[in-house]
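Reading through the structure tokens given below for one structure.
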């Protein structure tokens, strides 16, 4: 059994990962992409295996077009999202590319929008991220691309089947420089509810039983 000390020491690969936003211009070769996708489909499933499909885009003209359309959508939706144009100023500059000039965008798609299918896509994405890091590649999940990739006309342009839902877009490439790991927020203690466990049955009390037995002893 893993003790608390062991559990608190995360593997260095996980602790050392961070999003990469500067890339060399080269694209990822097909063999490497196949390796990463194989790692992705090896991820655990939430309930039962969900069929995933991968879409790879390496045309810089297409990526630039998607970036421009995604930025336009962000501006159009800013009021609904509660964002001011001042907050978005750095994202909507003409020379800003939401894919950070990476040469490869890989999109993990689900065959439906159930919670299980969506969760499986993100679990697959995490496997892919760690596999990429293990061979010296950088990655960054691009949430801004999700809306534009789900537009019917964009799906048609990219050859994505109507029934597929693009869920997890991620750029992949060779980092231009080392990205230092940074802790995004301070760790906080996790609260624990005072839940009594039955001494004999080994299962939690129901709420009425807890009220009737505040000391947590099981009646004979």
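Regarding residue 34, is this residue within 18 Å of the chain's Cα centre (by Cα), at pLDDT 85 or above and over 15 Å from residue 151 (Cβ atoms)? The answer is no for residue 34. Flag set for residue 75, criterion: at pLDDT below 90, assigned to a helix (DSSP H, G or I) and surrounded by fewer than 16 Cβ atoms within 10 Å (Cβ to Cβ). Among the residues making up region 128-148, those that are surrounded by fewer than 19 Cβ atoms within 10 Å (Cβ to Cβ) and either in contact (Cβ under 8 Å) with a residue 40 or more places away in the chain or touching a helix residue (DSSP H, G or I) at 6+ places or on another chain (Cβ under 7 Å) (or both) are 130, 133, 134, 135, 141, 144, 147. Look at residue 45 and say whether it is in contact with a helix residue (DSSP H, G or I) (Cβ under 6 Å, 6 or more places away or on another chain) and at negative phi. Criteria met by residue 45. Residues in region 108-116: is at least one under 30 Å from residue 50 (Cα atoms), in contact with a helix residue (DSSP H, G or I) (Cβ under 8 Å, 6 or more places away or on another chain) and surrounded by fewer than 18 Cβ atoms within 10 Å (Cβ to Cβ)? There is at least one residue in region 108-116 that is under 30 Å from residue 50 (Cα atoms), in contact with a helix residue (DSSP H, G or I) (Cβ under 8 Å, 6 or more places away or on another chain) and surrounded by fewer than 18 Cβ atoms within 10 Å (Cβ to Cβ). Looking at 156, 133, just one residue is within 17 Å of residue 19 (Cβ to Cβ) and either part of a loop (DSSP other than H, G, I, E, B) or in the same structural domain as residue 48 (by TED's automatic domain parsing) (or both), and that residue is 133.
All of 112, 97 fail the test of being closer than 30 Å to residue 36 by Cβ and either at pLDDT 90 or above or not in a loop (DSSP other than H, G, I, E, B) (or both), apart from 97.
Rundown of residues vs (1) in contact with a strand residue (DSSP E or B) (Cβ under 9 Å, 6 or more places away or on another chain); (2) under 27 Å from residue 77 (Cβ atoms), yes/no style:
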site: 109; (1), (2): yes, yes
site: 115; (1), (2): no, yes
site: 120; (1), (2): yes, yes
site: 133; (1), (2): yes, no
site: 147; (1), (2): no, yes
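The values are calculated or read from the model by the stated rules, or taken from the named source; none is laboratory data. The structure displayed is predicted, hence computed values, not measured ones. Every residue, glycine among them, receives a Cβ derived from its backbone with ideal geometry; neighbour counts consider all protein chains shown.
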